[in-house]
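*Asks:* This is the structure I want to talk about, given as structure tokens.
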4 protein chains.
Amino acid sequence: MRAIVIHKAKDLRVEERAEASPQAGQVAITMATGGICGSDLHYYNHGGFGPITIKEPMILGHEVSGYIRALGDEVEGLEVGDLVAISPSRPCGSCKYCAQGLRNHCLNMRFYGSAMPFPHIQGAFQESLIADASQCVKANGLTAGEAAVAEPLSVTLHAARRAGEMLGKKVLITGSGPIGTLSILAARAAGAAEIVVTDLSDQALAYAKKVGADRTINVVTAPDALAAYEPDKGYFDVLFECSGAAPALAAGMAAMRPRGVVMQLGMSGEMTLPMLLLTAKELDLRGSFRFHEEFATAVQLMQSGQIDVKPLISHTFGIDDAVEAFEVATDRGQSMKTQIQFAKSA
Amino acid sequence: MRAIVIHKAKDLRVEERAEASPQAGQVAITMATGGICGSDLHYYNHGGFGPITIKEPMILGHEVSGYIRALGDEVEGLEVGDLVAISPSRPCGSCKYCAQGLRNHCLNMRFYGSAMPFPHIQGAFQESLIADASQCVKANGLTAGEAAVAEPLSVTLHAARRAGEMLGKKVLITGSGPIGTLSILAARAAGAAEIVVTDLSDQALAYAKKVGADRTINVVTAPDALAAYEPDKGYFDVLFECSGAAPALAAGMAAMRPRGVVMQLGMSGEMTLPMLLLTAKELDLRGSFRFHEEFATAVQLMQSGQIDVKPLISHTFGIDDAVEAFEVATDRGQSMKTQIQFAKSA
Amino acid sequence: MRAIVIHKAKDLRVEERAEASPQAGQVAITMATGGICGSDLHYYNHGGFGPITIKEPMILGHEVSGYIRALGDEVEGLEVGDLVAISPSRPCGSCKYCAQGLRNHCLNMRFYGSAMPFPHIQGAFQESLIADASQCVKANGLTAGEAAVAEPLSVTLHAARRAGEMLGKKVLITGSGPIGTLSILAARAAGAAEIVVTDLSDQALAYAKKVGADRTINVVTAPDALAAYEPDKGYFDVLFECSGAAPALAAGMAAMRPRGVVMQLGMSGEMTLPMLLLTAKELDLRGSFRFHEEFATAVQLMQSGQIDVKPLISHTFGIDDAVEAFEVATDRGQSMKTQIQFAKSA
Amino acid sequence: MRAIVIHKAKDLRVEERAEASPQAGQVAITMATGGICGSDLHYYNHGGFGPITIKEPMILGHEVSGYIRALGDEVEGLEVGDLVAISPSRPCGSCKYCAQGLRNHCLNMRFYGSAMPFPHIQGAFQESLIADASQCVKANGLTAGEAAVAEPLSVTLHAARRAGEMLGKKVLITGSGPIGTLSILAARAAGAAEIVVTDLSDQALAYAKKVGADRTINVVTAPDALAAYEPDKGYFDVLFECSGAAPALAAGMAAMRPRGVVMQLGMSGEMTLPMLLLTAKELDLRGSFRFHEEFATAVQLMQSGQIDVKPLISHTFGIDDAVEAFEVATDRGQSMKTQIQFAKSA
């Protein structure tokens, strides 16, 4: 079977790997779809980000769905042929943070496609994957492409839950990439009454409109529009910062009302913040990192129709075109969520 | 102009009253629609409830919408002809609870149609109403009937907000009357993934289905169905108790998971509770009373289409048929939300 | 070695049991002190409570401290001779509630001295105990008697943490037994500014005064005193209900201010509550059940001197006088916390 | 009567002003003690801070206590001769944030000694002050010096309350000036079990030790000490950032455990933060600004002895030595809280 392997920046290869068999508690999965994430793109374009770099070949990918092909012993609740969304999150279950229910902070996390520990944690862009049954959530009724969006959607559901109740709230989202646009869906599903989205790109903002933003602002062509929300100490109750860009966060903070909640999803090393605004308006700037229980919730909310991610899947490539897929995904002006199709059916 | 006045149990009259003029900060309203609430029915059928009884004639009604007919001085943001939802909540703004932002606990509240203080607070079932401009929320785009549902919807939005974030949660609702069915809409708007509703009446449960309940249980004809959720210490994350009936609350508590949140909306004097369940499962039983800021939110969520209350408006009567309206509203097997139409247009 | 075994109501025996050896991860403990809890007294006086009854002989006791006598393999951080407080809470670590960090709701809990499952979970009133190292918290600097109070103190710390921040708050405590008086210490340690305690017994209330209650009210001799807190919708921010008596809870609810938090610690089957107060004042009635992480906190707060439980230890008996100890503990007019001393030193 | 007036940087004068009489709802106060705050020092040394500068002569001072000398009409609960702590916070009571109970965010705040609006809001360093009765909290049993500390203590109580419950928590405090050392007292009163304080100055840290810090770290002489708390993703539950220095905040964030809460009290324009830590550890960085209800709580906790601020009052000067007082207060190596004594008794 084949896998998509990063060797170094711009050196992505489709390679043969040996197939394995499921052990007790595991399943063998015929991979259906894999979405390309921002971190995959960092490995592809730069060989890593910040202090995290590739030191050995690593299979990429952690937004995946597939069809159960074989069951190991002691597996219940899954059957051969089931379409499943596969969580890339594998906490140890026994460290102190796992014991406290904070599984996304596991001290021994083995998250697919991460170069952080060495040896690296191999990813899931493989035609055949062995996974724990507990990673699999049945996704009947969804397309394989939708099921593969469960992972990034979980990231935004986790942030939305951490932001607290949102019924009737005014929400600002800075950055209209995949995480920003999925945040629109999460915020709306949670009851947000008004959603404004900012970005530098009209193409990106067009997707925001498609999935329900009430207003979009291109901060390049309308640089003063957001400041109109600043009078009376600000307007928005909640901000999802999805750009990782300090100017976006700073402008967003200025538009927040006192006691507003800022969820930081965008990854960045250092950012220079207007701390006087944070202090004087008593803003609440909260990091949000991955997810845990929200993975099953993501599948369920797509199944019920409360969240529809299909408009965000902009491109689908075959595994042979993996390099092209990564190039297209890199071009924000062209693509939103780019996926690779490994198999069309069980 | 005419008003609907309760004199004593079963003695409801349509009477002439003098018209007044708006003072500074006030508006004159041509009443459009008034919904009949459970408390109106208590006054109509029993002359009050518990220690609260009618001691002088009182105009009923607090779920109302109307058209602005004239503006007093210093009124901004409203224009003659506007359809408005009118909040019946008039806190003093200066007592200690108002100062703390807990306006629904105002020590000097003058809530429309309440026999609690004496002289009673007159209600809003009047063809012409003088109200503070601050009570009025523009309801453009809604029907007058929908606008009159803003008030009971606010009650459920307030409860939903007090219940905390609900994204992907499993929700049980006991009691499928107007408050119970509006709670379905509020919970779904807040992201509830699964909503189960119980009642004694198939007619009531049919409305629950109409507005989106995933499952309805008639506890008379399927007395064991709810108990199926009890294993493993229970299933539901949130309960909206809307019946005011102790057996409903007790059965609901048994079906709640540990740390579940029970919102008590149903009014009742005393209830006998299974306290061992509350303690051992660490349930969180919270009273929910009226609303404040949620009134504008209710209008906004109807305008955006996130909440559609139209299927719940079962009957509309003219003011001349007020007594019949109250009789129909009393019969749960026949009606859901019964309204009185005062004027058809501005 | 000897153990204190309940056979049926009023049939308590000191019996010989075989000694065991610690396995990997375990320690052997020379028991120092064991406190008698209300549930021990229910087994002693009535053979159980509610649906929970003794079906086979069961060693009692779960408030215990002792000296490490021997270490099994792989034990770190403990040494022979250490005085330790021993947590009676043994969650499975792998059920769904454990995975969520809700260890006190473990589906497979093995809590010392519980007749709930069958075979029963044997308790810790044994001269020599084999325990998991993870149950032991070093208690250097404390007396063995204090260390044995870590368990009930944890119960009140858990409730205080669930009640939320308490800096400057007004706190009412109904029931001045061991849990009520320890709640005084927990509430004060958390910053409560004013603490009022009610009970039926002057002897019990004398202990409340001793550990810092600002005011005590004997509801028998001063039946109207608490009602003086009712005007303006009530006075207290937080209530620790520690009596399990419905009249105490009802009177407490009437004295609570709107949005007040009621922590229910007192165990009771059914209670009839003034639900109109709960709804109209939006009270928040929360069950509180056992503890988990608070066990180490209890030891630490005693070591730092922030909490001093010594005034509450009213009686200490040798193991040969176990029956007398249980009789004294049963008499609230005579005792507060009664303990059994198993060994005087390591 | 005389007042302490800032004209421009380093130009502080003691000037004669006319006395006024109390109107209805007001009192005349013979000022007893005024503490010099960091913002007073900014005006004194730099004529302002950031965009806020003195444009006309302004009386300084907002940490004040005094004796009631005369009562206006309609004043209840105060008597001539009472020692009172005087809150400098005068919200309007009717803007939207006041209506929501967020009085410290009042759109029309008139906080003593603020150059932000123009004309400036005059301060309280005056021998005779007219204040609203509602600003006064009786401080019987305290010294006038203690009563004047109610204001900065309120700032830290507000932050501690916003940080959530703190029973048994591990707390880091960066910056050991007046706010940092008062935060020690607030955190301990709220139940913090372990408090570590960092600063650049041994003199400042000596005060931290005096009021109960468990450990102090001089980050100049022990630059690596704090990093010892970083393993396993960090150690502290709560951080009070009281320095306004980016390196202190960054080092503190690295020592925080996942989901830790960082209260930002130190004022600063911009700060460059390690956002990857904030995101990956899901830290919660909350601004904290002034106070409202905490002012009465501050007085009460000093009266009960739960908080003792006396060790922090390092210097007291007469009004004639106001300039020297400001010079001493500017020298962190010499002083902690410097106060001016206006009158020794009523």
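The values are calculated or read from the model by the stated rules, or taken from the named source; none is laboratory data. This is a predicted model, so every value here is computed, not measured. Reconstructed Cβ throughout: ideal geometry from the backbone, glycine too, with neighbour counts over all protein chains shown. Side chains are part of the model used for accessible areas, which takes the heavy atoms of the whole protein and leaves out ligands, DNA and RNA. Shrake-Rupley method; radii C 1.70, N 1.55, O 1.52, S 1.80 Å.
*Asks:* Measuring nothing but label to label, 7 Å from Cα along Cα→Cβ, what are C:Val323's distances to the other copies in nm, shortest first?
*Replies:* 7.8, 8.9, 9.0
*Asks:* Taking only the alpha-carbon atoms of the stretch C:16-67, what semi-axes of the equivalent ellipsoid follow from 5 times the gyration tensor eigenvalues under a square root, in whole Å, largest first?
*Replies:* Equivalent ellipsoid semi-axes, largest first: 26, 14, 10 Å.
*Asks:* Could you state the number of Å between the C-alpha centres of the stretch C:61-85 and the stretch D:142-163?
*Replies:* Centre-to-centre distance over Cα atoms comes out at 43 Å.
*Asks:* Now a separate question. Under unit Cβ charges (Lys, Arg +1; Asp, Glu -1), what dipole magnitude, rounded to 20 debye, does the stretch B:292-346 have relative to its Cα centre?
*Replies:* 180 debye
*Asks:* Run the label-point distances for A:Asp224 please: 7 Å along Cα to Cβ, every other copy, nanometres, shortest first.
*Replies:* 5.5, 7.0, 7.2
*Asks:* Can you compute the charge dipole magnitude of the stretch A:20-154 about its Cα centre, using +1 on each Lys and Arg Cβ and -1 on each Asp and Glu Cβ, nothing else charged? Give it in debye, rounded to the nearest 20.
*Replies:* Rounded to the nearest 20 debye, it is 460 debye.
*Asks:* Give me the angle, in degrees from 0 to 90, between the Cα long axis of helix B:294-303 and the longest principal axis of the Cα atoms of chain B, rounded to the nearest 10.
*Replies:* So the helix axis and the longest Cα principal axis differ by about 90 degrees.
*Asks:* Cα centroids of the stretch C:249-324 and the stretch D:5-35: how far apart, whole angstrom?
*Replies:* So the separation of the two Cα centres works out to 50 Å.
*Asks:* Tell me, what does the Kirkwood hydrodynamic radius of the stretch A:154-287 come to in angstroms if you use every pair of distinct C-alpha atoms?
*Replies:* So the Kirkwood estimate lands at 14.2 Å.
*Asks:* Above 30 Å lies some portion of the pair distances; for chain C, what is it as a whole percent of all C-alpha pairs?
*Replies:* Counting every Cα pair in chain C, those more than 30 Å apart make up 35 percent.
*Asks:* Something else now. Mind ranking C:Ser243, C:Ser94, D:Ser65 by accessible surface for me, highest first, 1.4 Å probe?
*Replies:* If we order C:Ser243, C:Ser94, D:Ser65 from most to least accessible, we get C:Ser94, C:Ser243, D:Ser65.
*Asks:* Sticking with this structure for a sec: Using 0.36 nm per residue, how much length does the chain from A:Glu230 to A:Ile52 gain when fully extended, once their Cα-Cα distance is taken away?
*Replies:* 60.3 nm
*Asks:* For chain C, what is the relative contact order in percent, using Cα pairs closer than 8 Å and at least 6 residues apart in sequence?
*Replies:* With pairs under 8 Å counted, the relative contact order is 18 percent.
*Asks:* Distance in nm between label sites at C:Gln23 and A:Val323, each 7 Å beyond Cα in the beta-carbon direction?
*Replies:* Modelled inter-label distance: 5.7 nm.
*Asks:* Build a GNM of chain C with springs between Cα atoms under 10 Å: which of C:Gly34, C:Gly333, C:Gly77 gets the top mean-square fluctuation?
*Replies:* So, out of C:Gly34, C:Gly333, C:Gly77, the one fluctuating most is C:Gly77.
*Asks:* Accessible area, 1.4 Å probe, largest first: how do B:Val323, B:Val84 sort?
*Replies:* The ranking, largest first, comes out as B:Val323, B:Val84.
*Asks:* Looking at the P(r) of the stretch D:62-159, how many percent of alpha-carbon pairs lie beyond 20 Å?
*Replies:* The share of Cα pairs beyond 20 Å in the stretch D:62-159 comes to 42 percent.
*Asks:* Taking a virtual spin label 7 Å from the Cα of D:Ala250 along the C-beta vector, which residues in the stretch A:283-308 bring their backbone nitrogen under 18 Å of it?
*Replies:* No residue qualifies, since no backbone N sits under 18 Å from the label point.
*Asks:* List the distances, in nm and shortest first, from the label point of C:Glu16 to the matching label points in every other copy, placing each point 7 Å from Cα along the Cα-to-Cβ direction.
*Replies:* Once sorted, the set of distances for C:Glu16 reads 7.4, 10.1, 10.4 nm.
*Asks:* Report the residue, chosen from B:Tyr67, B:Tyr44, B:Tyr229, that carries the largest GNM mean-square fluctuation when chain B is represented by alpha-carbon nodes joined by springs under 10 Å.
*Replies:* Between B:Tyr67, B:Tyr44, B:Tyr229, it is B:Tyr229 that shows the largest mean-square fluctuation.
*Asks:* Given just the C-alpha atoms of the stretch A:41-118, how large is their convex hull per residue in cubic angstrom?
*Replies:* 144 Å³
*Asks:* Okay, moving on. For a protection proxy built on the mean count of beta-carbon atoms within 10 angstrom, sort A:182-193, B:244-255, C:46-57 highest first, please.
*Replies:* Result, highest mean first: A:182-193, B:244-255, C:46-57.
*Asks:* Taking the Cα centre of the stretch B:154-287 as origin, work out the dipole magnitude from +1 charges on Lys and Arg Cβ and -1 charges on Asp and Glu Cβ, in debye rounded to 20.
*Replies:* With only Lys, Arg, Asp and Glu charged at Cβ, the dipole is about 360 debye.
*Asks:* Could you tell me the ratio Rg/Rh of the stretch D:165-223? Both radii from Cα atoms, Rh via Kirkwood.
*Replies:* Radius of gyration over Kirkwood radius for the stretch D:165-223 works out to 0.96.
*Asks:* While we're here: Bins of 10 Å, beginning at zero and ending with the bin holding the largest distance: percent of Cα pairs per bin for the stretch D:50-90, please.
*Replies:* 21, 39, 24, 15, 2
*Asks:* Let me ask another. Using only the alpha-carbon atoms, how far is helix A:178-189 inclined from the longest principal axis of chain A? Give it as 0 to 90 degrees, nearest 10.
*Replies:* 70 degrees
*Asks:* Could you please point out the chain C residue with its Cβ nearest to the axis of the rotation taking chain C onto chain D, and the distance in whole angstrom?
*Replies:* C:Glu165, 2
*Asks:* Can you show me the helix-derived [θ] at 222 nm for chain B, built from DSSP H runs with n ≥ 4 at -39,500 (n - 2.57) apiece and divided by the number of residues, rounded to the nearest 500.
*Replies:* -7000 deg cm²/dmol
*Asks:* Which value, to two decimals, describes the C-alpha radius of gyration of the protein assembly as shown once divided by 2.2 N^0.38 Å?
*Replies:* Normalised Cα radius of gyration, the protein assembly as shown: 0.95.
*Asks:* Name the residue from D:Ala160, D:Ala296, D:Met109 whose Cα lies farthest towards the positive end of the charge dipole of chain D, charges +1 on Cβ of Lys and Arg and -1 on Cβ of Asp and Glu.
*Replies:* D:Ala160
*Asks:* Can I ask one more? Could you tell me how many cubic angstrom of Cα convex hull volume the stretch A:216-346 has per residue?
*Replies:* Enclosed volume per residue, from the Cα hull, is 165 Å³.
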